[in-house]
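In what follows, a single structure is set out as structure tokens and then discussed.
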Amino acid sequence: MNNFIKTFYNIWNVKELRKKIIITLSLLLVYRFGAYVPIPGINPLGISDFVERFNPGSKGLMQILSSFTGGAFNRASVLALGIMPYISASIIIQLMCVIVPYLQRLQRDGESGRKQISFITRWLTVGICLIQAPVYLISLTHQFIPFSLSNSKIVYLVDLNSYYGKSMFWIIGVMILTSGTLFTMWLGDKITDKGIGNGISLIIMSGIIARFPDAISKEIFSKLEIGNGGLIVLFLEFLLWLLVILFSVMIIQAIRKIPVQYVSHYKSLGLGPQLIHKKHQYIPLKMTAAGVMPIIFSQAIMLFPLTFSDYVKNIKLKSFFHLFQDIYGLWYNLTISVLVIIFTFFYTAIAIPVNQMADDLKRNGGHIPRIKPGKKTAEYIDDILSKITLPGSVLLAIIAILPSIVFRMGFTQNFALFYGGTSLLIVVGVILDISQQVNIYLLNHHYDGLMMMKYRSNKYTR
């Protein structure tokens, strides 16, 4: 406990770090405030039971979708689309970088190429918003709660008294939802530049964390209703939750080290060139190099039934779609497990270019002991990567279906979502990333203090 308090004290004493943390928290507060501002023309009284009016079979998927926006999607907020269009655009661009030669050249151009790719990603985000925003508004007004001017018994979500009609509502709504996503992107960039941590990841994490107090309070009240035995069950649930978090940290941090030797230089000593020094390093290969992306890919695909099921007229096809809308059902979990394993291998192959790594090693005078440089090195790295990716993909699949497992054990739906899936991995990954950055700042501050003390001591001894 003393070390914990001392760490906070040290963080507060570093002026630059303190400033960055304050800026980060302020910008996140702005985002959280925007999540509660409804779209103009939306009746706030009709928002409270918005989710409950969904098809019960799709409610689980709605909870997942809403968790990325911190509930803004459920409230028909100006930030209802959140950062998800930007994530979708980033995923599409990453996939296109493998196929399109022009994007491949931009990737190799360094910083200027990355800026150009970022520019293309942002324009693609606008295009995705112009598709998703009308679908969202049409769903609001047609599928869930219809347009109505007034009704004494029913509180409708859309109030047409404040606008000129449906068309005007849609035009203004599309503009506001698109602007909301662009504003969220701007907040993320500002957090990355002037705050601490990755802004986009922090915005997603803030939305997930915002739902945690409500989820944990419902879990506590549900167990207290049982009586004395409920406290024991609650204790065991939290103990299991801590073990799951520890398990997730181990998966994210697990690496396989490949030893590498770099030749520093050769020097002629009269008997020909002689090796003077070797530097021993290693290549760290993560067991889950793809991170949380396979689960995001898989859940994005599983959201398609939710999007199109209400437009399908065929009863058999509609019932087939409904099988995949229950996130606690067998077919959903079986399908998403297979998708996670497939996408883990796919994204790892994209994220880690083994041929480029082998070429860089050869160009910089490095080699893996007992492995020939060039093609043999690439094959060796690829073989090790395949061996560690297989257990990593299986473990990611287990985490992806863990919420449904604990729900079957008697956990509430909201609390079960924090036992695995994308939510838990994002929160754990972002917290680990922030802790590493904070430690770097504290370490640099410590070294600066030592250098200043050394400078003063030398000054006084002269």
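Please treat every number below as a calculation from the coordinates, not as lab data. From a predicted model like this one, the values you see are computed outputs, not experimental measurements. Reconstructed Cβ throughout: ideal geometry from the backbone, glycine too, with neighbour counts over all protein chains shown.
Annotation: amide H of V78 within the under-5 Å range of V37, I39, sequence separation 5 or more or interchain, hydrogens built in the peptide plane. The 3J(HN,Hα) values that the Karplus relation (6.51, -1.76, 1.60; θ = phi - 60°) gives for the range 198-211 are, in residue order, 7, x, 4, 5, 5, 5, 5, 5, 5, x, 5, 5, 4, 8 Hz. Gly and Pro appear as x.
A Förster radius of 51 Å, combined with the Cβ-Cβ distance separating L29 from K316, puts the computed FRET efficiency at roughly 0.55. Charges were assigned to the Cβ only: +1 to each Lys and Arg, -1 to each Asp and Glu. The resulting dipole of the range 185-238 about its Cα centre is roughly 100 debye. With a Förster radius of 45 Å applied to the beta-carbon distance between L443 and L242, the computed FRET efficiency rounds to 0.95.
What does the charge count near G82 come to, summing +1 for each Lys or Arg and -1 for each Asp or Glu among other residues with Cβ under 14 Å from its Cβ? Computed value for this residue: +3. Annotation: amide H-H contacts under 5 Å for V260 (H modelled 1.01 Å from N, sequence separation of 5 or more, or interchain): Q281, Y282, I283.
Considering only the other residues whose Cβ falls under 13 Å of the Cβ of G392, what net charge follows from Lys and Arg at +1 and Asp and Glu at -1? For residues surrounding G392, the net value is +3. The H on the amide N of G366, modeled in the peptide plane, is under 5 Å from the matching H of no residue at least 5 residues off or on a different chain. Each Lys or Arg adds one and each Asp or Glu takes one away; over the other residues whose Cβ falls under 12 Å from the Cβ of A35, this sums to +3. Modelled this way, with points 7 Å down the Cα-to-C-beta line, the labels at S435 and V249 are 0.4 nm from one another. What the phi angles of the range 71-84 give under the Karplus curve with 6.51, -1.76 and 1.60, with θ = phi - 60°, is a coupling list of x, 5, 5, 6, 8, 6, 7, 5, 9, 4, 6, x, 9, 4 Hz, glycine and proline written as x.
Here the Karplus curve 6.51 cos²θ - 1.76 cosθ + 1.60, taken at θ = phi - 60°, turns the phi angles of the range 415-432 into couplings of 6, 5, 5, 8, 8, x, x, 5, 4, 5, 5, 5, 4, 5, x, 5, 5, 5 Hz, with x standing for Gly and Pro.
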